[in-house]
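Written out below as structure tokens is the structure these notes cover.
The values are calculated or read from the model by the stated rules, or taken from the named source; none is laboratory data. Every value quoted in this text rests on a predicted model; they were computed, and no experiment measured them. Here the Cβ positions follow ideal geometry from the backbone for every residue, glycine too, while neighbour counts run over all protein chains shown. Side chains included, ligands, DNA and RNA excluded: accessible areas come from the protein's heavy atoms. Shrake-Rupley method; radii C 1.70, N 1.55, O 1.52, S 1.80 Å.
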Amino acid sequence: MDSHDIALLLRSHSPVLVLETHEETRAVELMKEISLSMGSAISRWSVATGLQRIDLVMDSQVHLKEPDKVLGHIRSSGFEGVYLLLDFHPFLTDPIIVRLLKEVALAMRKSRSKLVLISHDLTIPPEIKKLTVNVTLSLPDEQTLLEIVRREASDYARSNSNQRVNTDQKSLDQLVNHLKGLTYNDARSLARAAIIDDGAINASDIPQVMQAKYDLLSGNDLLGFEFETSNFSQLAGMHILKKWLYQREKFFHQVKGLPAMDRPKGILLLGVQGCGKSVAAKAVAGIWNVPLLRMDFGSLYNKYVGETESNLREALKTAEIMAPCVLWIDEIEKGISVSDHDDGTSQRILGTMLTWMAENDAPVFIVATSNDIQRLPPELIRKGRLDEVFFVDLPSAEVRREIFRIHADKRELDIAGLDLERLTNLTDGFSGAEIEQLVVSAIYTSHAADEPVSTELLEEEIRNTRPLSILMAEKIDALRHWSQGRAVSVD
């Protein structure tokens, strides 16, 4: 809400305003400013200092520290004004205090006085629920954020012999953009942190700002965060998927001058286990150069009724504030496959997810991965929810050769000493994950034998491995059969 909206509430018939915020100082200053503009007296109370007029220079009435005494004083004095009660929440479980608060509120209906409860956490008792109205502080807009950054830069200069903060327009724009969604105080803290270490605002500050922003917003373990995603852009094969992503990158970022088009919403990656769905999900963030958030459905469910959906809504809200970003939902079928064997939680989770997907307009691109299409509800994968369904099959010979190269280079093996053609032919039917494990296992064996990794050593590892294409042949065949005509191959 802005000042105009809060002023309207102060003139309304609701005698109690409820303002839940961690920005107490800002809330008090804003209420004071609005009250003065309306010509209303305003007082501030806390259990530590008692009651004090803040529109005038007056001493605090320390004898009114107790909540029952200050409420009794407000009721009996008949003095009209706005009364800010700070951190009143511990007393809202006392039936006597609640009753007294109700009597004061009912009396205020006949006057222009208002009680404003300000605290970080307020649970309003049902006895007074109908007498209250909720107030929220607006988050700073882009212009306000720019002013915050400039003010912090000025403060830095004054404290450092008028040394000017160096920056460029791109870095400044990025900083302001990544401060969006934060409270005034949090935005100020992050802007100060970006400046104070080196007296500059540059590209190197952005990852730290994003990490700090995520730490401020994330209240649970449901989301993992990774900003540095450029290393994920190297991906063996998947040429069709890469082309699809490159074609839509500018539309996702809403680059100026493009035709009016809806922003891409997301994709579903379906396929054989270990064939690169997770790497592909990371590669989306790497190719588009945006942060990656991973949603862990294993941490989503809560034994308390209703908290599972609340956890999901909180995570989705965090994703919106962290945007632009990729939201990777790994093994999505584990969280929203609807069955008759739960208490309806899966159905509620699905409903929450579908509603968010339909209403969200923030640049959050969903990458959902799944190993079992049969467990996914059809309303999730229909066109309009997600942009495309891609099928990730076992890697071709060309891709297997590249996978060997990637994992050998990653572990600093001498690739020139290996017969890649032979190894590629011997691993027909192996997944990318299985090929990686062949390389890892060969390194362990070579180290124990104090000899270099050789083609012969890798051949031995191949002979000792039974790939999933053999162990789960029927399931893989069924997955391939379903994908024909229904999904787009990544290669």
Segments 14-22, 287-295 sorted - mean Cβ within 10 Å per residue, highest first: 287-295, 14-22
How large is the Rg to Rh ratio of the range 118-173 when both quantities use alpha carbon positions and Rh follows Kirkwood? 1.31
FRET efficiency (Val133, Ala41; Cβ distance; R0 22 Å; to 0.05) is 0.60
Where labels lie 7 Å past Cα in the beta-carbon direction, separation of Val440 and Thr25 in nm: 4.9
Descending packing, highest mean Cβ count within 10 Å first, for 39-49, 54-64 is 39-49, 54-64
Quick check: net charge around Thr352, other residues with Cβ under 12 Å of its Cβ, Lys/Arg +1 and Asp/Glu -1? 0
I need the P(r) histogram for the range 72-151: all alpha carbon pairs, bin width 5 Å from 0 out to the longest distance, whole percents. 3, 12, 21, 21, 14, 9, 7, 6, 6, 1
Counting Lys and Arg as +1 and Asp and Glu as -1, what is the net charge of the other residues whose Cβ lies under 11 Å from the Cβ of Glu127? +3
Whole-number Å³ per residue for the convex hull built on Cα positions in the chain: 227
hull vol. (C-alpha, convex hull) per residue for the range 359-479, Å³ -> 151
Give me the percent of accessible area attributable to carbon and sulfur for the range 28-184, probe 1.4 angstrom. 50
Straight-line reach from Lys180: which lysines have Cα under 26 Å away, leaving out those fewer than 8 places along the same chain? Lys32, Lys170, Lys213, Lys250, Lys256, Lys265, Lys282, Lys317
Grab the other residues whose beta carbon is less than 14 angstrom from that of Phe91, score K and R as +1, D and E as -1, and report the net. -2
In the range 424-491, the trypsin sites (Lys or Arg not before Pro) that sit in a DSSP loop and have at most 12 other Cβ atoms within 10 Å of their own Cβ are Arg486
Compute and list, largest first, the equivalent-ellipsoid semi-axes of the range 350-416 from the alpha carbon gyration tensor, each √(5λ) rounded to a whole angstrom. 37, 15, 10
Rounding to the nearest 20 debye, state how big the charge dipole of the chain is about its Cα centre with +1 on each Lys and Arg Cβ and -1 on each Asp and Glu Cβ. 2200
For the range 1-154, what proportion of DSSP beta bridges, expressed in % and rounded to the nearest 5, is antiparallel? 20
Out of the DSSP beta bridges found with both residues in the chain, what percent are antiparallel (nearest 5)? 20
Counting heavy atoms of the protein chains only and a 1.4 Å probe, report the per residue accessible area for the chain as a whole number of Å². 51
